[in-house]
Structure formats: structure tokens, C-alpha cells
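The values are calculated or read from the model by the stated rules, or taken from the named source; none is laboratory data. It should be emphasised that the depicted structure is a prediction, and the values quoted were computed from it without experimental measurement. We place every Cβ from the backbone using ideal geometry, glycine too, and count neighbours over all the protein chains shown. Quick note on the areas: whole protein, heavy atoms, side chains included, nothing else; ligands and nucleic acids left out. Shrake-Rupley method; radii C 1.70, N 1.55, O 1.52, S 1.80 Å.
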Amino acid sequence: MTRRLFGLLIFIISVIFVFLLNSNIGSIPPIGKLLSPSHGFWSNIDARESISQKMEISTSDGTATIIYDENHIPHIFADNEADLYFAQGYAMAQDRLWQMEFITYVASGRLTEIVGEKALDIDRYHRRIGLKKSAEESVALLLNDPLTKTPITSFTQGVNAFIKKAKRGNLPIEYKLMGYQPEEWHPVNSALLLKYMANDLTGTDNDIEYTNAIKKFGREIFDILYPEYPSSPDPIIPIGTPFHFVALKAPLKPDTSTMHVNEKVAMYKNPIKEYLPQRGLGSNNWVVSGKKTSSGFPILCNDPHLSLTFPSIWYEMQLHAPGINVYGFTLPGAPGIVIGYNENIAWGVTNAGMDVRDWYTVESDASNEKYLIGGKWENFEKINETYKVKGGKNKKETIKWTQIGPIVYDSDFDTKRDKLDLVMSWTALKPSNDLKTFLLLNKAKNHQDYLKALDQYWCPGQNFVYADRENNIAIKEQGRFWIRYPEQGKFIQNLKDANVKNIQNYFIPNQQNPYILNPERGFASSANQIPVDKTYPYYILGFQYENYRNRRINEVLTQQNDISIDDMKNLQYDNMSVHAREALPVMLPYIKNVTGDAQKEIFQKLSKWNYIANYDSDAASYFYKWWDEFESIAWDELKKTDDADFIYPESYTSIDIMKNHPHFPLFDIMGTNKVETLQDVLNISFDSTVAYFDRHPELKEFRFYKNTSISHLAQIDAFSEKNIKIGGYAGIVNATSSRWGASLRLIVDFSNGKIQGYGMYPGGQSGNPGSTAYNTFVEAWSDGKYYQHHFYKNIQDANNSLK
């Protein structure tokens, strides 16, 4: 496409989006300024061409050099750390400024300032859960610690240097479309970003849904629907691994500790559940020791599964200064590298899935000034908030805080109920310096450095996989996890029974968190599954653990020897559906009277399917549609209502119920004159699936059925991509569903004592839709391809690459 035609396309897109903004938000930028050839969208066309391959950045103390490779990945070289992080902030802002700032608007509850009243509920939620307050308190820790002070302050200076230097016309197009200007960057912005990610990865607790379910169905049915351990677990720490430590005692359970025994309390509904992280979030990581690889050295792999967005969640770069040479992926808006490798070690992360957020009912006195906690009346802390609403009237409210956290849901926020207010206790609310962990990993030289770095990590809980040049491999689940009595935190609790000291300070010691070094089987892996078997001496509570991807990864790694880089690439793109492999042999025998041509076609395709969910598979579409229909009919009692939220059981639990409880009471369909059994539910859902594809034959190919899309953060369709040609699904190692997938793929090879990285992610380095670096990698990402990293030893090697 010529530059002129591309400019015309951007023109059309811009005019259409301006109209949409006018229709939906009610406040748009002046058309004349938007279309200005010097300051409007024209200045954003192919901005990558204005960035040299090599740049000298003037820092506060000197200079730093940025060398861009063919993928627009910056390699930054500086004489000291202050200059290094200054240049990192500058380079990141140059490519991702709007994204960086937009996320901080979300986290701090300020979206109404740029998009209007429609964002008020999401803003109120983010302020009520305390992201801003916690970030502000955490900044003091970052600035008082010598290890994090220089990176955070220098990074901030670099971001502001770009903002100051950038001409109005060079600002990202989103500012022009939404009609606002970037603000000065502050250290709290970086802290907000980290707290936002903590919420994104711990925001799926099930206290409310579990409380509603046990109240409605009783203990026997509840335990069948939501078992604490899968029937066929394959935990992170292999079954039978001994734990050589003396555990601390669990707290005593209060007599009235769970709300479900109080019949006077009605069921609960989350008023903004549609905005919260959905089922399907997860990640894979694994590391193979040299005794199982063809080279005799470790290979480490990581692919975090997050929302697929433009700009990409990740930004790739190399940082080099005396005492540090690190390559990898970082979050736009934060200094350092989050996932990657240096000259000695490599590491990757997956979400631990441990429940670190609890909910409590709170009783106030008649004056509404005091609350009951641990048998004592205490004064509320009150924080007055003002929401500035673009194109509307400002909204004010007072948020009440208890000793353990804020009141999130009350009659003012959830007006469709007459219930006790709910207080949230969350480990991320306590000031923390999680950034320190990654900065220490960036410089780590060995296994002991890895463990020391992890000691600093707080929230969200993560599984840190590790490899080094000495052929060591390890994995550790790290975070601050409460020591609980059985089922503590599983249901909504009463604040009047709470032990404040335990909530604030009683955590599993770091050295007793799940961990293994050089496992006998020759590999370590995690995929959001349960971390340990039942011999672990602490009560484990998670929010519905994965139990497909982990077993498939371990299955393949157990079978393979002489493992190569290509083997690891194939495993990251593995499309085997263990879900289908275990479900269909149970489901198909129940189907009777397969007479019509359409029924025969789908039944035969499913019967002969090899369970590989490639993008062009029609059997994959048939299975996942059938499964959705089955869940909708079988668990109709668990659909959300106007008064209460529920949650479906995990699919592997549903299979167990089909096997062991074919007459399970919930299989009876509500509103009919007969008592349905599993056979009825499966036949009805199968017929519904047949009818669906009869109406929508264009969706038989799996890529069209699931419609994997990468959406712009501001939901601008013209800046998004849809129907991407890629297989996989939730529960598959290649966990690519409609809006979720591998946000990056990393493979690190330690062959012959050298470190070589390979990567790919669904996007590009630039956040500018007019740049050729905006979506550079999408096609290669969907095709299962990788690029080889340029990990330079020094600036001379980098300079030589330009010749």
C-alpha cells in the first residue's frame, strides 16, 4: 500500500471515529484541529520512518545510545543506570505514550475525564478497590529504596523529556481523537500500572458466587459442583514431593465465620462483573534440564495468556549498562524487564491463581460512623472522591475504609439490593515494592540471586520458572499468601469475627511457598493448576484451577527426550484439546436417533476427530459449541440473575459429574413438566448445536466460530484485527480464544554455555496505528513463527549490526 493510499485510509478511519465519538460520548475534538496537516492525524502516518536506527538521547547526567533492530526493538546502552532508565522511559514513551497514560487513567478511576459518564461505574470500582491509594502508599517504598529509587525517578524523567520534546503533531492519534493532552508523568503512574496488573490477575475471586451457591443448593450439591482438588490433579510440585519444614499453625475458625449460615442475608450480585477479568486468563511456563535436551543445556519457555490488545500489553527491549545486560519484555510504563534473560539466567512467570482477596460483611452503628471488627467498634476512615465527567456534571462520593480494606459494595454503588455492605481485604492494598523483584532478577547471576529476588515479591501471586548457565532449573510459587483455616476466604465472611492481626500479617513464610529445584523428572512447569498435592501442610485456596494445559504439557515433556528448540516451539503452539479428548467419549454414547443429514455429519465428525483444534477444523467448532450449549442447559440454575451471581463448575468437574452423577439434580431443566437427566440434556444441547450450524454454516471453520480478535484499547474497530487465522482455545496449550491468548512467546536456549532467545507476540513495538511497526508480528504469531533475538554483549556488537 502506498503512503498516499495509507494516508487516505487513516483519513476515512478518523472521520468515522469522530462521528462515533460524537454519537456515543457527546464530546469530541474540534474537527479543524483533527484534520490539520501539521497537528492532526496526518502527522501520525508511518511515524516509524522518522525514528533513526540509532539515536543519542541527552539524559539528565549525560547521554545514552538507542539502537533499533529490524523489528524496531530498542537496544539501550548507557554508562550508568540513571542514564539507562532515562533512555528506557524516553524510548517507551516515544512508542507507547498513549497506552501508558490510558492504563493509569483506568487504574486511578479517571476514565470519565476522557470518555464521559459511560465510564463512571468502572471508575468508581477502581477507586473503591483502592488502586490509587495503594499505589500512592507504595511509591514511598520505591523512592526510599536505593535499588528502585534511581530506576523509577530516571524512568520518569525520560518519559517527561519525550512529552516535553514532542510537538503537538507528533502525539499519538488517540489524543487527537479523544481531544485531550498528555499530563506530566509521575512515579505514582508506574506504581498504578503495577497495581492495575495485580488486579487484572487476582480479580476473579469467587467468594460471592460460592456464597450464593451454597445458600441456594446446600453443602452436598455445592461440594460436587466446586471440589477443592481436581479428580486427576497434576500439580506444579510433583505428587509425592516431600516438604521438609514445620508449618505454622492455622488460625482458629470463629463459630460464625461464614455468611452462608446466616439465612437473613440475601444473595449478592456484582454490579460491574462484566468489566472484570473473565475465565480463561492464564499462562504457560516450563523449563527442561540439560538431561532431557539435545544440547545438554536447559531450555526455558513462557507464554502469558492475557487480553489481546493493540497496542500490545508488552514492550520488548534490551538494557545495557555497567553491572546489567538484560533482554526481554516489560510493561509499558514501568522500568526494567519483567520476563526475560541476562547473561547468566532466564526466568518467566505464570499466574498462581491463589486467592489473595477476601470479602466481608460489615455492620455499622446507627450513626454510620463506626463499624464492628473483631468484637470492637472502630471509626471509619473516609476518603472523599470527585469524578470529573467530560461533557457532564461531576460526581462526588465518600468511600469508607476499615482497618482491613475499603467498602466496595454498598447501597450507593449497588442500588438493586437490600444487603449488608461488603468490605474487601486484598494483599495488594498493603504497600509493596514488587518492582524490586524484577530489577534484582535483571542483574541475577545464579540460583541464590533468583531466590533473594523473589523474597521481595508480594502480589499478584506468580509461578517463577528459572534456568541458569550451570544447568540448574527451578520453579517457585511466590506471593504473600494467607495462612488459613479450612475454607477461610472461600465464602463471604463476617467482619465482626475477623482477626485483624492475622489478616494484615499472617502469611506463609517465603521459604515455605511451593518450590522445587532440579526435579528428578528433568523439567518443571506451571499452567495455572493447583500448586501442590494434599500433603502440603497449608490450606490452599484458589479461584478454580486449570487442569488441562498442565497435563498436556507434562504429558509431552515426559514422553520426549533429546528435546530441541523446534520441539518447544511446537509445544507452545500445541492444539490438542484434552477437554474434548476426555469429554466426547462420555457425551457421544448418550446421543440417540441420529437421523438427519446434518446430525449425521456432526456426529460422525466428532466421533472421528483427533481432538486437534486447528484453525480450519470443523469438529472443533462443533465440540465447543456443543459444550457451550450443554453448560447453558445443564447449569441453567447457575445463570446470573437480577439478584445474584453464580459461576459454572470447571469443565473437568462437569465431566466428572457426567461420569459419576448422571441423575444429578441440577440436570433437571427449569420450567419444564418433566425431570430431565443427563441424557436429555445432552440430546437437547446436541440438537441445538446442529440447528445453530444449520443457521450459520459460515461458522463451521473454527477460526470463524471463535473469531480470535485483537482489539484496540479504546475499542476502535479500525485499529483492530478480527478473525485471525489461528487454532487453539481455552484449556489448550495454545490458549487462543476470542479475546485471550498468548500475549508473548519466549524461548531461551542455553546451548553450549551461550544464551539465545526466540520470541513472538501479537502486535508490534509501536502504538501508532499509522506505523508499519504497529502490527508487525500478528501474522507470524498466528502462523507459529518466531524471530531470533539480538542480545548484544556491548555497544560495539550493536553498532556492527548496523553496517
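Of all residues in the range 476-504, those that are over 20 Å from Leu201 (Cβ atoms) and in contact with a helix residue (DSSP H, G or I) (Cβ under 8 Å, 6 or more places away or on another chain) total 5.
There is no residue in the range 672-679 that is assigned to a loop (DSSP other than H, G, I, E, B), touching a residue at least 24 places away in the same chain (Cβ under 8 Å) and closer than 27 Å to Lys600 by Cα.
Out of all the residues in the range 767-777, is one or more assigned to a strand (DSSP E or B) and within 24 Å of the chain's Cα centre (by Cα)?
Restricting attention to the range 767-777, the residues satisfying the condition of being assigned to a strand (DSSP E or B) are none.
Scanning the range 767-777, I find no residue that is assigned to a strand (DSSP E or B) and within 24 Å of the chain's Cα centre (by Cα), so the answer is no.
Between Asn446, Asn433, Asn471, which is surrounded by fewer than 24 Cβ atoms within 10 Å (Cβ to Cβ), modelled with pLDDT of 95 or more and touching a strand residue (DSSP E or B) at 6+ places or on another chain (Cβ under 8 Å)? Break it down into steps so the answer makes sense when it comes.
Values: Asn433 fails: touching a strand residue (DSSP E or B) at 6+ places or on another chain (Cβ under 8 Å); Asn471 fails: touching a strand residue (DSSP E or B) at 6+ places or on another chain (Cβ under 8 Å).
Answer to the check: Asn446.
None of Ser621, Ser577, Ser617, Ser607 is among the hydroxyl-bearing types (Ser, Thr, Tyr), surrounded by fewer than 20 Cβ atoms within 10 Å (Cβ to Cβ) and more than 17 Å from Tyr226 (Cα to Cα) except Ser607.
Across the range 76-94, the number of residues qualifying as touching a strand residue (DSSP E or B) at 6+ places or on another chain (Cβ under 8 Å), assigned to a helix (DSSP H, G or I) and open to solvent by 10 Å² or more (accessible area, probe 1.4 Å) comes to 3. Of the strands (runs of 3 or more DSSP E) lying entirely inside the range 401-501, those carrying at least 1 residues that are among the hydroxyl-bearing types (Ser, Thr, Tyr) are 407-409, 421-426, 462-468.
Listed here are the residues, each with its yes/no results for (1) more than 24 Å from Asn351 (Cα to Cα); (2) touching a residue at least 40 places away in the same chain (Cβ under 8 Å).
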| position | (1), (2) |
| --- | --- |
| Lys118 | yes, yes |
| Thr150 | yes, yes |
| Val159 | yes, yes |
| Phe162 | yes, yes |
| Tyr175 | yes, yes |
| Glu184 | yes, no |
| Lys195 | no, yes |
| Ile221 | yes, yes |
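Checked against the criterion of being surrounded by fewer than 22 Cβ atoms within 10 Å (Cβ to Cβ) and under 27 Å from the mean Cα position of the chain (by Cα), the candidates Gln504, Gln478 yield just one match: Gln504.
Quickly run through the range 483-493 and pick out the residues that are open to solvent by less than 20 Å² (accessible area, probe 1.4 Å) and at negative phi. Lay out the reasoning, then the answer.
Pass one, the range 483-493, residues open to solvent by less than 20 Å² (accessible area, probe 1.4 Å): 483-485, 489-493.
Residues satisfying the conditions are Ile483, Arg484, Tyr485, Lys490, Phe491, Ile492, Gln493.
Among the residues of the range 445-461, are any within 23 Å of Ile383 (Cβ to Cβ) and touching a residue at least 24 places away in the same chain (Cβ under 8 Å)? Yes, because at least one residue in the range 445-461 is within 23 Å of Ile383 (Cβ to Cβ) and touching a residue at least 24 places away in the same chain (Cβ under 8 Å).
When the test is whether a residue is surrounded by fewer than 17 Cβ atoms within 10 Å (Cβ to Cβ) and in a helix (DSSP H, G or I), Ser685 does not pass it. Every test in (1) more than 28 Å from Asn561 (Cα to Cα); (2) over 21 Å from the mean Cα position of the chain (by Cα); (3) open to solvent by less than 30 Å² (accessible area, probe 1.4 Å) is passed by Leu451 save one, and that test is (3). Taking the criterion of being in a helix (DSSP H, G or I) and out of contact with any Gly (no Cβ under 9 Å at 6 or more places or on another chain), the residues of the range 695-705 that qualify are Arg695, Pro697, Glu698, Leu699, Phe704, Tyr705. What is the residue count in the range 745-782 for residues that are acidic (Asp, Glu) and in contact (Cβ under 8 Å) with a residue 40 or more places away in the chain? Residues flagged as acidic (Asp, Glu) and in contact (Cβ under 8 Å) with a residue 40 or more places away in the chain within the range 745-782 amount to 1. Taking the range 736-760 as the range and being open to solvent by 10 Å² or more (accessible area, probe 1.4 Å), under 25 Å from Asp628 (Cα atoms) and part of a loop (DSSP other than H, G, I, E, B) as the test, the residues that pass are Ser737, Ser738, Arg739. When residues in the range 602-638 are screened for being part of a helix (DSSP H, G or I) and among the polar types (S, T, N, Q), 4 of them pass.
Quick check: anything in the range 712-726 within 22 Å of Glu601 (Cα to Cα) and in contact with a helix residue (DSSP H, G or I) (Cβ under 7 Å, 6 or more places away or on another chain)? First the steps, then the outcome.
So the first thing to find is which residues in the range 712-726 are within 22 Å of Glu601 (Cα to Cα), and the list is none.
No, every residue in the range 712-726 fails to be within 22 Å of Glu601 (Cα to Cα) and in contact with a helix residue (DSSP H, G or I) (Cβ under 7 Å, 6 or more places away or on another chain).
Going residue by residue through the range 168-183, is there one that turns out to be out of contact with any strand residue (DSSP E or B) (no Cβ under 6 Å at 6 or more places or on another chain) and closer than 19 Å to Leu435 by Cβ? So far as the range 168-183 goes, no, none of its residues is out of contact with any strand residue (DSSP E or B) (no Cβ under 6 Å at 6 or more places or on another chain) and closer than 19 Å to Leu435 by Cβ. Can you find a residue that is in a helix (DSSP H, G or I), out of contact with any Asp or Glu (no Cβ under 7 Å at 6 or more places or on another chain) and open to solvent by less than 10 Å² (accessible area, probe 1.4 Å) anywhere in the range 639-651? No, the range 639-651 contains no residue that is in a helix (DSSP H, G or I), out of contact with any Asp or Glu (no Cβ under 7 Å at 6 or more places or on another chain) and open to solvent by less than 10 Å² (accessible area, probe 1.4 Å). Beta carbons closer than 7 Å, at least 6 apart along the sequence or on distinct chains, pair a first residue in the range 420-439 that is under 15 Å from Lys133 (Cβ atoms) with a second that is open to solvent by 20 Å² or more (accessible area, probe 1.4 Å) and not in a helix (DSSP H, G or I) for Thr427/Trp458; Thr427/Arg480; Ser432/Trp458. Reported count of residues in the range 515-545, each being at positive phi and touching a Gly at 6+ places or on another chain (Cβ under 9 Å), is 3. Look at (1) in contact (Cβ under 8 Å) with a residue 24 or more places away in the chain; (2) open to solvent by less than 20 Å² (accessible area, probe 1.4 Å); (3) in contact with a helix residue (DSSP H, G or I) (Cβ under 7 Å, 6 or more places away or on another chain) and you find that Pro531 fails only one, number (3).
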